[in-house]
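Here the structure is laid out as structure tokens; the discussion comes afterwards.
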Amino acid sequence: MAESVISVSAIKGKFEVSCPFNMVGHIRDLPGKRWSAKKKSYVIPFSRKAAEMMSHISAPIVFDSPAIELMATAARPTPKQEPFPHWYRFKTTPMPHQQKALNFLWGKDVGGLWMEMRTGKSKVALDYACALKMAGLIDHILVFCPLSVRGSWEGQAIEHAPIDITVARFDLTIAAGKKSQVKFSQDAAEMKMMVVGIESMSAGSALDYVYDYIKGNGRVFCVCDEGHYIKNPKATRTEKITQLGAACSHRLILTGTPIASNFLDLYSQMKFLDEDIIGYGDFYSYKARVAVMGGYEQKQIISWQNVDEVMADIQPHVFQVVAAEVADLPPKIYQVREVTLPPNVESLYKTIKKRSIISFKGRDLVLSTPLDRLLRLFQLANGVMATGEGGEYQYEWVNDSKVNELMALIESAPTLPMVIWTTGRIELAQVVSRLEASGLKCVEMHGGINENDRIANVAAFQSGEVNYFVSNTAVGGTGIKLSRARCLVYMSSSFKYVDRIQSEARATDFLNIGESTLIVDIIAKGTVDELVLEALQAKSDVATYVKDKIKSLGLSEGLK
């Protein structure tokens, strides 16, 4: 009796597999497998994984010539490992882990930096890009990042890049921004960097302007910062960024949280680099390989499988650093994240800048002094609209922009212990409400918390019982120890410089050796938030800082 054999042929880039019934178990897990009643065989779209898994089938299997040729196209060269060029002159000296990252990347066209917050992945990306430019391997840079951190890329380029980089981060939703971008794309600067908000790729015409930049500027090095923003394979922005990245000569993805809790998050991030890294032809084949489904109608993921196989495929392409393992981080690392006011709030903001009486929902806000106007603008930038006059005010929450940004920050570092500072109780209550609605445990510190509860709340944070300590700077900024914090988030800043210094010291005065604190200011772009931060950076109280600037800032306009 003839021995049963699996037969594989190839037609139009697909495998066709004829398999005796008693041998079906050998091809059960082949990705993308579909039964064709017409052909009386299984049809399998070509993918690296399909070819690899067929080559390891232990049963008798025969490939025809077209199938052998198709199998050969699945072979991948091992990623190069070359030392970073000795001739490169750093503008700022890299830390040892950053040098290791550069050594890991050099010689590769694609790669990932899985580096936690505070470990300096932006510097690594910029040094890598500049070295590629000096070696004649790229011409310009394209960066996709959250809208809130676009400005930090410009600052990082100034600080770390040893060659001049002309940076553009125009608003592509307005005519002036579009016009400036067209001019920038055509500009003959030696090295350009276009910085685009990932959120901008969800809708609108940003795609066209980015594509024109890529096609008109030779070999473009594409960076996707906070790569977990493109983890959803169905999202429009994921599809567009992946398509645009494919048109670039080099690609780099940066994230501190490639996998929050779901191994499916890896698929789109790796596809951005190269779909052959994971090697499945489509997301659903990958999902079938790693996710064990159960629950109601088999629609819930109940466990994971083949994870070691997936991580082994990814490992040659990514460099990973955990902040706790780095012994030479600076004690304080500062970051500014920008948000924009919604149109209705921006309209209110402009009205407060020009008028002394402002109507809002049937009530009036009456302004009497420049500093009164400054305070009301500051409150509005931080989500609160005031109405009333002379000390009698009503307040209403009108803007979630900063709270949304806080939640995005938490998503990018879900295990990082945070102290979240606010200046107002309404703002604080909104933060607590959002954390609790997201299932995140937190404790509070403000004037409404009694002494015993304050002690208990500090202890809960310090012990690790909760990860989020939400406080206003006036109450929590002095006299307590919050040394477990590895991130301080200022939703808003006190007008008093001493409050800022004292609140920062709650964590940074009690640092353990080799650990550091990330200090994040979330500010509303184009508002007095920028002025407040400028004053504090100048080590001055806000009222003192603006005293000589009242006229130039327009704070007295329309007031008696």
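Regarding the range 405-425, can at least one residue be identified that is closer than 22 Å to residue 384 by Cβ, touching a Pro at 6+ places or on another chain (Cβ under 7 Å) and of a type outside the set (D, E, K, R)? Yes - at least one qualifying residue is present in the range 405-425. Please determine, by comparing only the residues of the range 283-323 that are within 22 Å of the chain's Cα centre (by Cα) and surrounded by fewer than 13 Cβ atoms within 10 Å (Cβ to Cβ), which one is nearest to residue 104 (Cα to Cα). Step by step, filter the range 283-323, then rank; the result is 315. Among the residues of the range 456-469, those that are touching a residue at least 40 places away in the same chain (Cβ under 8 Å) and either out of contact with any Phe, Trp or Tyr (no Cβ under 6 Å at 6 or more places or on another chain) or aliphatic (A, V, I, L, M) (or both) comprise 464, 467, 468. Within the range 351-375, the set of residues being basic (Lys, Arg) and either in a strand (DSSP E or B) or under 14 Å from residue 524 (Cβ atoms) (or both) comprises 353, 363.
Determine, yes or no, whether residue 343 is loosely packed, with under 15 Cβ neighbours inside 10 Å and under 22 Å from residue 152 (Cα atoms). The answer is no for residue 343. Residues that are more than 30 Å from residue 111 (Cβ to Cβ) and basic (Lys, Arg) do occur in the range 363-375. Can you find a residue that is modelled with pLDDT under 95, among the acidic types (Asp, Glu), more than 28 Å from residue 108 (Cα to Cα) and open to solvent by 10 Å² or more (accessible area, probe 1.4 Å) anywhere in the range 265-273? No: the range 265-273 contains no residue that is modelled with pLDDT under 95, among the acidic types (Asp, Glu), more than 28 Å from residue 108 (Cα to Cα) and open to solvent by 10 Å² or more (accessible area, probe 1.4 Å). Every listed requirement among (1) on the phi > 0 side of the Ramachandran plot; (2) outside any loop (DSSP other than H, G, I, E, B); (3) not aliphatic (A, V, I, L, M) is met by residue 378 save one, (1).
Residues to consider are 329, 374, 348; find the one that is farther than 22 Å from residue 554 by Cα and touching a helix residue (DSSP H, G or I) at 6+ places or on another chain (Cβ under 8 Å). Checking each option against the conditions leaves just 329.
If the condition is being part of a helix (DSSP H, G or I) and crowded, with 19+ Cβ neighbours inside 10 Å, then the range 546-560 contributes only 546. Screening the candidates 345, 336, 322, 366 for the property of being of a type in the set (Val, Ile, Thr), in contact with a Gly (Cβ under 8 Å, 6 or more places away or on another chain) and touching a residue at least 40 places away in the same chain (Cβ under 8 Å) yields one hit, 336. Only a single item in (1) open to solvent by 60 Å² or more (accessible area, probe 1.4 Å); (2) in a loop (DSSP other than H, G, I, E, B); (3) out of contact with any Gly (no Cβ under 7 Å at 6 or more places or on another chain) is not met by residue 404, and it is number (2). Of all residues in the range 432-455, those that are in a helix (DSSP H, G or I), in contact (Cβ under 8 Å) with a residue 12 or more places away in the chain and more than 25 Å from residue 495 (Cα to Cα) total 2.
Take the conditions touching a strand residue (DSSP E or B) at 6+ places or on another chain (Cβ under 7 Å), under 23 Å from residue 153 (Cα atoms) and surrounded by fewer than 21 Cβ atoms within 10 Å (Cβ to Cβ) and apply them to residue 366. Does it pass? Criteria not met by residue 366. Helices (runs of 4 or more DSSP H) fully within the range 117-221 that include at least 1 residues being more than 23 Å from residue 338 (Cα to Cα) and in contact with a helix residue (DSSP H, G or I) (Cβ under 6 Å, 6 or more places away or on another chain): 121-134, 175-186, 206-215. Number of residues in the range 226-251 that are in contact with a Ser or Thr (Cβ under 7 Å, 6 or more places away or on another chain) and either within 19 Å of residue 174 (Cα to Cα) or acidic (Asp, Glu) (or both): the value is 1.
Among the conditions (1) free of Cβ contacts under 8 Å to residues at least 60 places away in the same chain; (2) in contact with a helix residue (DSSP H, G or I) (Cβ under 8 Å, 6 or more places away or on another chain); (3) open to solvent by 40 Å² or more (accessible area, probe 1.4 Å), the only one that residue 26 does not satisfy is (2). Sort out which residues of the range 194-243 are among the hydroxyl-bearing types (Ser, Thr, Tyr) and open to solvent by 60 Å² or more (accessible area, probe 1.4 Å), and write them in order of number. Hits for the range 194-243 are 211, 236.
Each row is one residue, and each column tells you yes or no for (1) open to solvent by 20 Å² or more (accessible area, probe 1.4 Å); (2) more than 28 Å from residue 541 (Cα to Cα).
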| position | (1), (2) |
| --- | --- |
| 420 | no, no |
| 433 | yes, yes |
| 442 | yes, yes |
| 467 | yes, yes |
| 470 | no, no |
| 487 | no, no |
| 498 | yes, no |
| 506 | yes, no |
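Considering the range 90-107, and only residues there that are modelled with pLDDT of 95 or more and in contact with a Pro (Cβ under 8 Å, 6 or more places away or on another chain), the residue that is least open to solvent (accessible area, probe 1.4 Å) turns out to be 102.
Of the residues making up the range 134-170, those that are of a type in the set (Asp, Glu) and open to solvent by 70 Å² or more (accessible area, probe 1.4 Å) are 159, 164. Note on the range 72-89: residues that are modelled with pLDDT under 95 and in a loop (DSSP other than H, G, I, E, B) amount to 11. Close contacts from the range 166-188, counting a first residue that is more than 14 Å from residue 217 (Cα to Cα) and a second that is open to solvent by less than 70 Å² (accessible area, probe 1.4 Å) and among the basic types (Lys, Arg), with Cβ to Cβ under 6 Å and a gap of 6+ residues or different chains, come to 169/150; 172/178.
The values are calculated or read from the model by the stated rules, or taken from the named source; none is laboratory data. Source: prediction; values computed, not measured. All Cβ positions, even for glycine, are placed from backbone atoms using ideal geometry, and neighbour counts span all protein chains on display. Ligands, DNA and RNA are stripped out before the accessible areas are found, and what is left, the full protein with its side chains, is counted by its heavy atoms. Shrake-Rupley method; radii C 1.70, N 1.55, O 1.52, S 1.80 Å.
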